[in-house]
Amino acid sequence: MDTFSIKNLENVEFRIKDNISPVDILALSMQDFEKFEQLRVIYKFALEHTEVKIGEQWLPVKTVDKEVYMPMGINTNGLALQELASYFIQEVIGKTFTKSSESA
């Protein structure tokens with residue numbers, strides 16, 4: 001899996017988790033991005049499926065169903081969290097359906 005960085009944490013390495021269910025991606029793509037609760041679901045999913053390199057380990061940015069975030073302090077960096085969620089939406093959800101339409 002490719003790694004990436006974001007502007008707000010340039011020296012930190014991130015990657016998207018492998019093996020995300022296509023059914024989950026499809027369900028996320030059908031959410032209404034204008035509704036708070038649905039947008040919350042998308043952001044939560046994105047952060048739980050994005051990993052950060054801490055030392056030699058890859059850890060989830062957000063632990064599933066818990067308010068535990070890595071790297072320490074990212075939970076108070078709204079711009080970094082927004083960048084990570086936007087990256088996921090564009091690079092995972094968006095590209096999944098771009099590839100599908102190209103093969104049709």
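The values are calculated or read from the model by the stated rules, or taken from the named source; none is laboratory data. All values derive from a computational prediction rather than experimental measurement. Heads up, the Cβs are rebuilt from the backbone with ideal geometry, glycines too, and the neighbour counts pull from every protein chain shown.
Given the conditions (1) more than 12 Å from the chain's Cα centre (by Cα); (2) touching a residue at least 12 places away in the same chain (Cβ under 8 Å), and given that Val23 satisfies all but one, which numbered condition is not satisfied?
(2)
Could you tell me which of the residues Gly55, Gly94, Gly73, Gly78 is exposed (fewer than 10 other Cβ atoms within 10 Å of the Cβ) and out of contact with any helix residue (DSSP H, G or I) (no Cβ under 7 Å at 6 or more places or on another chain)?
Unique residue meeting the criteria: Gly55.
Looking at the stretch 26-42, can you tell me whether even one residue there is touching a residue at least 60 places away in the same chain (Cβ under 8 Å), part of a strand (DSSP E or B), surrounded by 14 or more Cβ atoms within 10 Å (Cβ to Cβ) and among the aliphatic types (A, V, I, L, M)?
Within the stretch 26-42, not a single residue is touching a residue at least 60 places away in the same chain (Cβ under 8 Å), part of a strand (DSSP E or B), surrounded by 14 or more Cβ atoms within 10 Å (Cβ to Cβ) and among the aliphatic types (A, V, I, L, M).
Take the conditions among the hydrophobic types (A, V, I, L, M, F, W, C), assigned to a loop (DSSP other than H, G, I, E, B), within 22 Å of Asp2 (Cα to Cα) and at pLDDT below 90 and apply them to Ile93. Does it pass?
In short, no.
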